[in-house]
Amino acid sequence: MATNTYTVTGMTCDHCVGAVRGEVSQIPGVTDVQVDLSSGQVTVTSDAPIDVETIRASVDEAGYELAS
């Protein structure tokens, strides 16, 4: 089991949270996604480590940006 926290920029409302959660949840192996709107923190729990570029692509697909 692996847990990593990322900062996502551009989220301003609950719809944003849902969009990011929905896209990241579709990554194979992801078991949980927690999004904190106020801090922009997205915590991803998965069966095995997931490449940051895979997370970045999912966040991009949702319309937001993973902070470097």
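Nothing in this text is a laboratory measurement; each read-out follows from the coordinates by a stated rule. No experiment lies behind these values; they were computed from the predicted model shown. Every residue, glycine among them, receives a Cβ derived from its backbone with ideal geometry; neighbour counts consider all protein chains shown.
Worth pointing out:
- Per residue, the convex hull spanned by the alpha carbons of the chain comes to 68 Å³.
- Total formal charge among the other residues, if their Cβ is under 12 angstrom from that of Asp60, Lys/Arg +1 and Asp/Glu -1: -3
- In the chain, helical runs assigned H by DSSP with n ≥ 4 each contribute -39500 (n - 2.57); averaged across all residues and rounded to the nearest 500, the mean residue ellipticity at 222 nm is -10500 deg cm²/dmol.
- In percent, rounded to a whole number, the relative contact order of the range 2-66 is 44, using alpha-carbon pairs under 8 Å and six or more apart.
- Computed from backbone phi with θ = phi - 60° and the Karplus coefficients 6.51, -1.76 and 1.60, the 3J(HN,Hα) list for the range 22-37 is x, 5, 5, 5, 7, 5, x, x, 6, 10, 7, 9, 10, 10, 10, 4 Hz; x is used for glycine and proline.
- Sorting Ser46, Ser25 by the number of Cβ atoms found within 10 Å of their own Cβ, with the fewest placed first, yields Ser25, Ser46.
- Highest-fluctuation residue, Val44, Val17, Val52 considered, GNM on the chain with Cα pairs under 10 Å: Val52
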